[in-house]
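The values are calculated or read from the model by the stated rules, or taken from the named source; none is laboratory data. Worth saying up front: this structure is predicted, and the values here are computed from it rather than measured. As a convention, Cβ positions derive from the backbone with ideal geometry for all residues, glycine included, and neighbour counts pool all protein chains shown.
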Amino acid sequence: MNTQDLLKTIKDRRNTKSFTEEEVKKSDIELILESGVWAPNHRNTEPWRFVVIDKSSELKKEISRSMISLQEESSNAKLSDDQKTNISLSVAKSPCYIFVFTTIGDTPEITEENYGAVCCAIQNMQLTATTLGLGVGWSTGKISKIKNLKKLLDVDQTLKIVGVLSIGYPNSNIEKSREEFSNLTKWL
């Protein structure tokens, strides 16, 4: 891959929220995970931890129930059956979820470094997915805040969630633009 191809991949990456029904191959998810663990990480802590929930996982039903409960608690109101159905369908339709966690360090400094490293891992994963024709939605919203998430996913209680990646074939790829780096950079 040359520099222009790499820059094109970076520019083509999108935070995707709408996917086709097509299932993502396990080998593609494995490649995405492999790219994640090659992110830079200070002190070689390798702080990332992943939980993969594929399209047919029975755990999606519990995730839906937990999201409905969270929504009702946060809004202090009962959801209608249609609202509950929409949440359940949204979770069921996601081709693949990867819950991404970071380890907590022995000091606040190491914890912050670990969090930054896991964010770099997620970027690696997004770029790899883009080269495979996949889209990724990185959420730090409700799905990452459901009660008893760590227990539900059977992960170490000391881990901290960094985000939930929804991965699949995008329905569309919206054009985006960015501020020119020259407008955001000071040269000394």
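Brief remarks follow.
- Arg49 satisfies every condition listed in (1) in a helix (DSSP H, G or I); (2) within 15 Å of the chain's Cα centre (by Cα); (3) of a type in the set (D, E, K, R); (4) surrounded by 13 or more Cβ atoms within 10 Å (Cβ to Cβ) except (1).
- The residues listed here are Ile167, Ile87, Ile104; of these, the one that is assigned to a loop (DSSP other than H, G, I, E, B) and either among the hydrophobic types (A, V, I, L, M, F, W, C) or closer than 30 Å to Ser27 by Cα (or both) is Ile104.
- Val162 vs. criteria over 21 Å from Asn15 (Cα atoms), at pLDDT 95 or above and buried (at least 16 other Cβ atoms within 10 Å of the Cβ): no
- Pairs meeting the criteria (first residue in the range 123-141 and aromatic (Phe, Trp, Tyr), second residue at pLDDT below 95 and in a strand (DSSP E or B), beta carbons under 9 Å, at least 6 apart or on different chains) are Trp138/Asn15.
- In the range 14-30, the residues that are within 18 Å of Val91 (Cβ to Cβ) reach residues that are acidic (Asp, Glu) and surrounded by 12 or more Cβ atoms within 10 Å (Cβ to Cβ) with C-beta atoms within less than 8 angstrom, at least six apart or across chains, in these pairs: Glu23/Asp54; Val24/Asp54; Ile29/Asp54.
- Identity of the residue in the range 81-102, aliphatic (A, V, I, L, M) and over 15 Å from the mean Cα position of the chain (by Cα), that ends up surrounded by the fewest Cβ atoms within 10 Å (Cβ to Cβ): Leu89
- Going through (1) over 24 Å from Thr158 (Cβ atoms); (2) in contact with a Gly (Cβ under 7 Å, 6 or more places away or on another chain); (3) polar (S, T, N, Q) one by one, Asn114 falls short only on (1).
- In summary, Lys142 fulfils each of the numbered conditions (1) more than 13 Å from the chain's Cα centre (by Cα); (2) surrounded by fewer than 20 Cβ atoms within 10 Å (Cβ to Cβ) with the single exception of condition (1).
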